[in-house]
Each structure stands twice: as structure tokens, then as C-alpha cells.
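S.K.: Take this structure first; my questions come after.
Rule-based calculations on the coordinates, nothing more; no lab input. Note that this is a predicted model, so its numbers are computed, not measured. Quick reminder, even Gly has a Cβ in these numbers, built from the backbone with ideal geometry, and neighbours come from all protein chains shown.
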Amino acid sequence: MTHSRAEITRLLKEHGLSPRRAFGQNFVADPNTVRRIARLANVGPCDHVVEIGAGLGSLTLALAESGARITAIEVDHAVAPVLREVVRDLPNTCVIEADARDVDWSSIVPPETRAVVVANLPYNVATPLVADLLDNVPQLERLVVMVQKEVALRLAASAGSSDYGAISVKVAYWATARILGDVPPTVFVPRPKVVSSVIEIRRRDRPALGSHIRPEDLFPIVRTAFGQRRKMLRRSLATMASPDTFVRADVSPEARPEDLDLTQWGRLAEAIIGARQ
């Protein structure tokens with residue numbers, strides 16, 4: 001049994017709680033929505049699912065119905081005890097009271113194992129959190145997360161799109177991404193002013209550019225360029241790339257950062273690294 005709107009309202013009132021803007025809390029109050037997310041996640045008894053920002057347990061209960069082993073992470077010290085009470089009779093579910101940005105992920109998902117993140121991510125941390133998980137937690141083979149729609153568009157964007165940015169390049173380096181569907185604001189308590197989307201990010205077996213282009217070499221270049229996205233690359237990367245560098249990379253110095261796909265970024269990074277040596 002997942003939470004209805006009436007149940008969310010009751011839990012908040014009974015425990016003297018109210019959604020906290022600082023934690024980006026918008027609780028899902030629609031059983032059909034959380035079951036849809038659990039279904040889209042395609043998890044079952046053989047899977048370990050990590051839910052970030054579990055809140056009052058709406059999605060947690062739906063995920064538990066799949067038979068997967070659930071680790072629910074909740075940062076709010078006032079909400080975590082309520083979540084524990086909600087899932088106390090579920091043997092396949094445990095609650096960790098922690099900030100997912102600071103937690104020791106190797107203690108949750110040991111390096112030799114694999115897990116899937118399924119979550120309604122708080123709007124205020126979604127983009128940096130996804131970036132950190134891709135960079136630092138290779139044990140996470142998939143993320144099926146609900147985020148603000150404009151964030152989902154950026155995560156899944158391709159070169160040439162107005163949504164394409166540094167985070168799009170990072171996602172493409174580590175993974176493939178696709179938007180699975182939209183979620184209206186009416187299913188949340190409180191109701192946000194924006195539409196949400198569910199996106200699946202599936203980690204590649206190896207980075208898209210192979211092992212010769214390291215993330216610590218590539219991403220600073222990408223961030224620098226997108227930090228001045230309206231400028232041509234010869235201007236935004238003037239301290240990094242000479243005219244000869246663009247020639248070697250076969251990249252136009254008059255291009256803007258959103259014009260370059262991942263392969264072109266890789267060539268440019270390789271040329272910049274080569275010029276330093």
C-alpha cells in the first residue's frame with residue numbers, strides 16, 4: 001500500500017512536520033505515479049535499489065513491492081524517524097539517515113557489487129548529485145530519477161540543442177540518457193510550479209571516449225567553455241587553446257560550445273593536452 005494524498009497529509013500533521021524548502025521537499029502523493037516509476041525502473045528481487053531523498057516513503061513502498069532490496073537515504077532528521085516507522089514491517093528495506101552528497105557510498109554499495117538508484121531527487125541538488133554519482137560511484141549501473149523537466153532535458157540533451165551544456169557532456173561521457181515521461185505538479189505535496197520528468201541514465205561499460213581521455217582533463221575544458229557559452233571557443237578557451245590547437249583537433253575556433261558533440265570535445269581535449277606536453 002503506497003501513500004495517498006490523505007495519508008501524506010496525516011503523516012505531516014501527526015508528526016508536526018511541514019515540507020522544508022531547504023531540502024527541496026515535494027512529497028509524491030499519488031500511488032499511480034510511484035508505481036509507474038517503480039515499473040519504469042524495472043527492478044526485482046535480484047536488484048539492490050538505493051533511493052535518495054526517500055521522504056515519507058511513497059516511492060519506497062512502491063519499490064518494496066518489487067521485491068528488490070531497498071536502501072532508503074533521507075537527510076531530514078525530523079522525517080527519517082517517520083520513514084523508519086512507515087517501512088518497519090518491510091524486511092527488504094533499510095533506512096539511512098544521511099546526506100547522499102556526503103555518504104560513504106562504498107559502505108552502501110561495495111565496489112564489487114552493483115546497484116540502481118531510483119529516486120524523486122530534490123530539485124535543488126539534482127544536477128550536482130547526478131554529476132557526482134557518475135564521477136565517483138561506478139557501482140551505480142543505472143539511475144532512474146524524477147527531476148525538474150528542464151533538468152531532465154539538460155541531462156539528456158545532444159549537441160546543437162539549447163538545453164545542451166556541460167552536464168550534458170558529462171552524462172554522455174559516462175552514460176546514455178533518455179527521458180521516460182513527464183509527471184504533473186498535481187501529484188506532489190506541496191505542489192511545485194514546474195513539471196517533472198523521469199529520466200533513465202544507464203552507465204556505459206567504459207567511458208565513451210575510452211581511457212585515453214581522462215575526465216579530469218576533459219571536464220575542466222568543457223566547463224570553461226560553457227561558462228561563457230555565448231562566446232566563440234577561440235575566445236572562451238583563449239588561455240587553453242592556440243589557433244594551432246583547433247587545427248589539430250579539426251574543430252572550428254568560431255564554434256560555440258553547444259556546437260560540439262562528445263567526439264569533438266574529445267579531439268579538442270586531446271589536442272590541448274598534447275600541446276602542454
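S.K.: Can you list the aspartates and glutamates whose alpha carbon is less than 19 Å from that of residue 193, not counting same-chain residues fewer than 8 positions off?
M.R.: Reachable aspartates and glutamates: 30, 150, 182.
S.K.: To the nearest 500 deg cm²/dmol, what mean residue ellipticity at 222 nm is calculated for the chain from DSSP H runs of n ≥ 4 alone, each contributing -39,500 (n - 2.57), summed and divided by the residues?
M.R.: Only helices count here, giving -10500 deg cm²/dmol.
S.K.: Would you mind checking which residues have amide H under 5 Å from residue 180's amide H? H placed 1.01 Å from N; only 5 or more apart, or other chain.
M.R.: Close amide H contacts, sequence-distant or interchain: 198, 199, 200.
S.K.: Follow-up. Determine ³J(HN,Hα), in whole Hz, for all residues of region 51-64 in sequence, where each value follows from phi through the Karplus function 6.51 cos²θ - 1.76 cosθ + 1.60 and θ = phi - 60°; x replaces Gly and Pro.
M.R.: In residue order, the calculated couplings are 9, 9, x, 5, x, 8, x, 4, 6, 4, 5, 5, 5, 4 Hz.
S.K.: Rg and Dmax of region 215-276, Cα atoms, in Å?
M.R.: Spelled out, the Cα radius of gyration and Dmax of region 215-276 are 9.9, 26 Å.
S.K.: Taking 0.36 nm per intervening residue step and subtracting the Cα-Cα distance, what contour gain separates residue 194 from residue 18 on full extension? Let's see the in-between values first.
M.R.: Numbers: separation 176, 0.36 × 176 = 63.36 nm, distance 1.99 nm.
So the chain would gain 61.4 nm between residue 194 and residue 18.
S.K.: What ranking do 201, 70 get, fewest neighbouring Cβ atoms within 10 angstrom at the top?
M.R.: Going from least to most buried by this count: 201, 70.
S.K.: Could you give the length gained on full extension between residue 107 and residue 250, defined as 0.36 nm per residue of separation minus the Cα-Cα distance, in nm?
M.R.: Roughly 47.0 nm would be gained on extension.
S.K.: Report, by chain and number, residues whose modeled amide H sits under 5 Å from the one on residue 188, excluding near sequence neighbours (fewer than 5 apart, same chain).
M.R.: Close amide H contacts, sequence-distant or interchain: 29.
S.K.: Let me ask another. Considering every pair of different Cα atoms, what Kirkwood radius, in Å, is found for the chain? Don't jump to the answer; show the numbers that get you there.
M.R.: Values: mean 1/r = 0.0502 Å⁻¹.
When all Cα pairs of the chain are included, the Kirkwood radius is 19.9 Å.
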